[in-house]
Structure formats: structure tokens, C-alpha cells
Amino acid sequence: MTRVFDDRGRAVGVTVIQAGPCVVVQCKTKDRDGYEAIQVGYEEVPLRRSNQPMTGHFREHGIAVPRRYLREFRLGEGEEYREGQELTVELFQVGQKIHVTGRSKGRGFAGVIKRHGFRGGPASHGSKVHRSPMSAGSTDAARVFPGKRSPGHYGHETITVKNLTVVGVDAENNLLVVKGAVPGPRGGLVIVRPAAR
């Protein structure tokens, strides 16, 4: 993340995303596959670092250099792409609303204060309970009810941040400047798509 200044001189917190170039590896059709979609590849991989099945898949669709990441996107009404077509940041305009999907940072095994925002117990005057969750609920039921908030694995989930605004587009360096934060660590993989509405 960094910041830019708008035309009124106000500082705006932004995230800079390297978006592409991506390539359309495969076009799936209703007749052959039962649905309309495109398979998109990102980040070139040296031929020696790609296994034979993946190399063959790319070669079959006319892509000379394999890609590290493959993702599939369903097509809307009237959308058309061709195999080998390059997708760049020029697909987006300044002021456009987008959805960004990524994996949140993994925080391992976390307690209830960090994981659920519990208040915690008294910090002094002989209290023996500071950060523990206390009661597990009713003892009469002889079980723990579903949805009980407890310590456990926190983070590393797929999260979509909706309706972020595109502040800048740098076509020369394939950079997308987005207002606000996006999920995941630095260098993490994200999916950027136009907002649904």
C-alpha cells in the first residue's frame, strides 16, 4: 500500500496491484464443455520448470510459454474472447468499481480476543482470567452448541472486498492503483474483476 493525492490535494490510501499481462489459454463453449468460460493464465514460467502435461496443455492451445497460475472465469451474455488473446490493465478505467478476491493472511491458532474480538477479563485485583474464553455454555445439554466462538485457526480464508474504486491505470508497467486495502500479504495472488452492479 501507498498513498496518492487527488485533484483537491487530499491523501488517499491506495493499493498498487500488478495486473497482468494475462493470456486467454482456453475458451470453453456450450457445445463442447456444457458452459461458456475462459481459462486465463498469469506469470510466465520457463519451459524447464513446467511439467509435461501442463506444457502439452499450453501447446495444444497455441501458447508457447507456460503460465504459473490458471483460473477459469464464466462468461456473461455477449462476451467474446479468443485463445492467445492478451488481457491487460487497459480493460479497466479510472473511476470504475471493481471486486478484488484474495486469500487473507494466515494467523495460525489464535485465541478468542484476537479471533473474535472478545473483551477479556480484569487485568488486576487477583483475577485469574485474563484472555481465556471462560464458559463453554450450558452443561445440561452435555454438548457444545454449533457456532460457539472458541480459540482456533484464524485467517487464510478466501475474501472478496467489493466495490473498490480504480484510482489509476499504468498500462506501460501493468499497474492498477486501487483505493483502499485488498486481502492477503504483499506479493499475494488476487483476482480483479469488474463490480457486478
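The values are calculated or read from the model by the stated rules, or taken from the named source; none is laboratory data. Worth saying up front: this structure is predicted, and the values here are computed from it rather than measured. So basically every Cβ, Gly included, is an ideal-geometry build from the backbone, and we count neighbours across all protein chains shown.
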Exercise. Which residues, counting only those in the range 107-151, are in contact (Cβ under 8 Å) with a residue 40 or more places away in the chain and exposed (fewer than 12 other Cβ atoms within 10 Å of the Cβ)?
Worked result: Gly108, Phe109
Exercise. How about the range 30-45: which of its residues are surrounded by fewer than 17 Cβ atoms within 10 Å (Cβ to Cβ) and closer than 23 Å to Pro183 by Cβ?
Worked result: Glu43
Exercise. So which of Val94, Val144 is at negative phi, modelled with pLDDT under 90 and touching a Gly at 6+ places or on another chain (Cβ under 7 Å)?
Worked result: Val144
Exercise. Listed residues Glu43, Glu60; which is out of contact with any helix residue (DSSP H, G or I) (no Cβ under 6 Å at 6 or more places or on another chain), over 11 Å from Val23 (Cα atoms) and not small (Gly, Ala, Ser)?
Worked result: Glu60
Exercise. Would you pick out the residues in the range 4-29 that are surrounded by fewer than 17 Cβ atoms within 10 Å (Cβ to Cβ) and not in a strand (DSSP E or B)?
Worked result: Asp6, Asp7, Arg8, Gly9, Arg10, Pro21, Thr29
Exercise. Based on what the data block shows, is Val177 without any contact (Cβ under 8 Å) to a residue 12 or more places away in the chain and of a type in the set (A, V, I, L, M)?
Worked result: no
For this session: Among the residues of the range 114-147, count how many are under 28 Å from the mean Cα position of the chain (by Cα) and either in a loop (DSSP other than H, G, I, E, B) or of a type outside the set (D, E, K, R) (or both).
Result: 4
Exercise. Of these, Arg82, Arg68, Arg32, Arg107, which one is in a loop (DSSP other than H, G, I, E, B) and not small (Gly, Ala, Ser)?
Worked result: Arg82
Problem set entry | Selected residue (only one of Glu72, Glu83 is out of contact with any Cys (no Cβ under 7 Å at 6 or more places or on another chain) and acidic (Asp, Glu)) | Glu72
Problem set entry | Matching residues in the range 73-86 - criterion: being within 21 Å of the chain's Cα centre (by Cα), surrounded by 12 or more Cβ atoms within 10 Å (Cβ to Cβ) and either free of Cβ contacts under 8 Å to residues at least 60 places away in the same chain or not assigned by TED's automatic domain parsing to the domain that holds Ile38 (or both) | Leu75
